[in-house]
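Report on one structure; see the data block that follows.
The values are calculated or read from the model by the stated rules, or taken from the named source; none is laboratory data. These numbers were taken from a predicted model, which means no experiment stands behind them. With ideal geometry, Cβ positions are generated from the backbone for all residues, glycine too; neighbour counts draw on all protein chains shown. Just so you know, the surface numbers come from the protein's heavy atoms only, side chains and all, with ligands and any DNA or RNA stripped out. Shrake-Rupley method; radii C 1.70, N 1.55, O 1.52, S 1.80 Å.
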Amino acid sequence: MEGALAIRSLLAVPGSSLRMAEKALASGADGVFLDLEDAVAPEEKSGARARVVEAMKELDWGGRRRLFRMNAPDTPYFHRDLMEVVGGAGGAVDAVLVPKVRCAEDLYAVDLLLRAIEAEAGLEPGSVGLEAQIESVEGLSNAVEIARATSRLSALHFGPGDYAASAGMPQRSIGVADEWDEVYGADRFHYAMHHVVVAARVAGVRALDGPVADYRDEEGLRRSSLKARSLGFDGKWCIHPAQIGVVNEIFSPTEEEVAWAKMVVAAYQAAEAAGSGALAVDGQMVDAASIRMARNTLERARLAGLD
């Protein structure tokens, strides 16, 4: 994991605004990305690239990974995004977020172009990382192959809005359960979200959930974040600084979780030293899976700066 902290909160910022980038980097978000895709109109994309380069080179990222989102590989903008931003930033770009990834071949194409840009700019081969968004039924069906497509990849992101559109699912507000979930009787995004987590874990990369569009709906954000964490996501997007606190809180282990994990690990170590094969903590049998979960909790706490 890059940086001192795990990425619990990832704040999206329009790449066209240097002022908004400065404000985002002064926030409590664990990660920030500058967006050249949905947040920038077609006629503004060229100018926005120059501002992203300036932000990468001149602003204080506070130890965060310097990340921007390019336009999708099937658009006429993506090659310019990579050439002008990665090539122009002179090694200041740490990673590129690739939206609407449909198949492993999309990442092969991006990887190939990055190799040429790195060589031309005198950068270390493979120095620019990638993160990929799963936002369509095609992308979801190929998620494992996408996650394994390149050693540059460090994270998969789930995009609920575009995924719903791709699947033909009616949705009132991105990221929040609505009347259609009530009709269905369960969470309609469960399969897609868990499949993204499975693909990420198969490849050993992080998994981040998409945003809640209504930044004023704190309760909806809380429910959405709890659902994502319960499925195994490492963090979640924020589209407004007001969402950062809730997301950071929910994707951090609680004091009770950390205390329990420490107790389980200590008991396991004591039993192992005594040569005992059976282990119980507070009347509950503990096995190898329990130890792995406890250690995962302690590692999450360490990365979140809580231990």
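Is at least one residue of segment 225-238 in contact (Cβ under 8 Å) with a residue 40 or more places away in the chain and either surrounded by fewer than 13 Cβ atoms within 10 Å (Cβ to Cβ) or assigned to a helix (DSSP H, G or I) (or both)?
So far as segment 225-238 goes, yes, one or more of its residues are in contact (Cβ under 8 Å) with a residue 40 or more places away in the chain and either surrounded by fewer than 13 Cβ atoms within 10 Å (Cβ to Cβ) or assigned to a helix (DSSP H, G or I) (or both).
May I ask you to list the residues in segment 11-28 that are hydrophobic (A, V, I, L, M, F, W, C) and closer than 13 Å to Arg66 by Cα?
Leu11, Ala12, Val13, Ala21, Ala24, Leu25 - these are the residues of segment 11-28 that are hydrophobic (A, V, I, L, M, F, W, C) and closer than 13 Å to Arg66 by Cα.
Using the structure shown, decide if Ala242 is over 17 Å from the mean Cα position of the chain (by Cα), closer than 30 Å to Asp38 by Cβ and in contact (Cβ under 8 Å) with a residue 12 or more places away in the chain.
Answer is yes for this residue.
Condition first: modelled with pLDDT of 95 or more, open to solvent by less than 40 Å² (accessible area, probe 1.4 Å) and over 23 Å from Ala104 (Cβ atoms). Now tell me which residues in segment 162-205 satisfy that.
Matches in segment 162-205: Ala164, Phe189.
Just one of the numbered conditions (1) in a helix (DSSP H, G or I); (2) open to solvent by less than 70 Å² (accessible area, probe 1.4 Å); (3) closer than 24 Å to Leu34 by Cα is not true of His157; which one?
For His157, the failing item is (1).
Could you tell me how many of the residues in segment 122-141 are open to solvent by less than 50 Å² (accessible area, probe 1.4 Å) and assigned to a helix (DSSP H, G or I)?
So the answer is 2.
Got at least one residue in segment 256-274 being surrounded by fewer than 20 Cβ atoms within 10 Å (Cβ to Cβ), out of contact with any strand residue (DSSP E or B) (no Cβ under 6 Å at 6 or more places or on another chain) and of a type in the set (S, T, N, Q)?
Checking segment 256-274: at least one residue is surrounded by fewer than 20 Cβ atoms within 10 Å (Cβ to Cβ), out of contact with any strand residue (DSSP E or B) (no Cβ under 6 Å at 6 or more places or on another chain) and of a type in the set (S, T, N, Q).
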